[in-house]
Amino acid sequence: MRVHALAAWLVLLPACSFTTVGPDVRHVSPDPGALGAGAADRVKILQNEALSCSSEALGTVDVHETMKSEGEALALLRRRAAALGAEAVIGVEFHHGEGGGETTHLSGMAVRCKDLIQGREYDVIGDLDIAGDMGHDEEAFEAIRVRASALHADLVIGIHFEHGEGEGQPSRLTGQAIRFHSTDSTVLR
């Protein structure tokens, strides 16, 4: 299937370095204490709204801890996203209660505005669907990169993260592996 890259609102997954999928992929574990509140305060939290730009997926972020309030959990989610360099967390899901010793559970996809397609044409070479264990969503994010690399993909587009509803129900990460046409094979850095 040949697709022209005119669509906006895509969530894009870079792999090797910043843009191509390859074996030199590393996941950065977000350290919530690594950044001051200023960077985290600028991270948008979007539950059902779309980001107003093409975006690059940086990783999943998750808060699964006992918190005093939803606000405290959102602040921790923002700090984890900021540690990845995100401008927003999209598809945020709130799963559990707050206060009284209940576990608060927030999750979403950390993204930043960046158009990695840049108008180039591409072919969809495979649909990717990865199941991950709750609390280990970064492993599913890494697995989608490995599968895309095995297909010799240049990029994964349309990333969608769905967090499992509880113990025993896996999270899902889906997307489409694409390969740019040979005339459009400029590597982004």
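Here are some notes:
- The residues of the stretch 40-55 that are part of a strand (DSSP E or B) and either surrounded by fewer than 24 Cβ atoms within 10 Å (Cβ to Cβ) or among the hydrophobic types (A, V, I, L, M, F, W, C) (or both), listed by number, are Lys44, Ile45, Leu46.
- Count of the stretch 119-140 residues which are under 14 Å from Ile159 (Cβ atoms) and not in a strand (DSSP E or B): 3
- Scanning the stretch 108-142 for residues that are among the β-branched types (Val, Ile, Thr) and surrounded by fewer than 17 Cβ atoms within 10 Å (Cβ to Cβ) gives Val124, Ile125.
- Restricting the stretch 64-86 to residues that are surrounded by 20 or more Cβ atoms within 10 Å (Cβ to Cβ) and assigned to a loop (DSSP other than H, G, I, E, B), the residue that is modelled with the lowest pLDDT: Met67
The values are calculated or read from the model by the stated rules, or taken from the named source; none is laboratory data. On a predicted model such as this, the values are computed, not experimentally measured, just so you know. Counting neighbours? That spans all protein chains shown, and the Cβs are built from the backbone with ideal geometry, glycine included.
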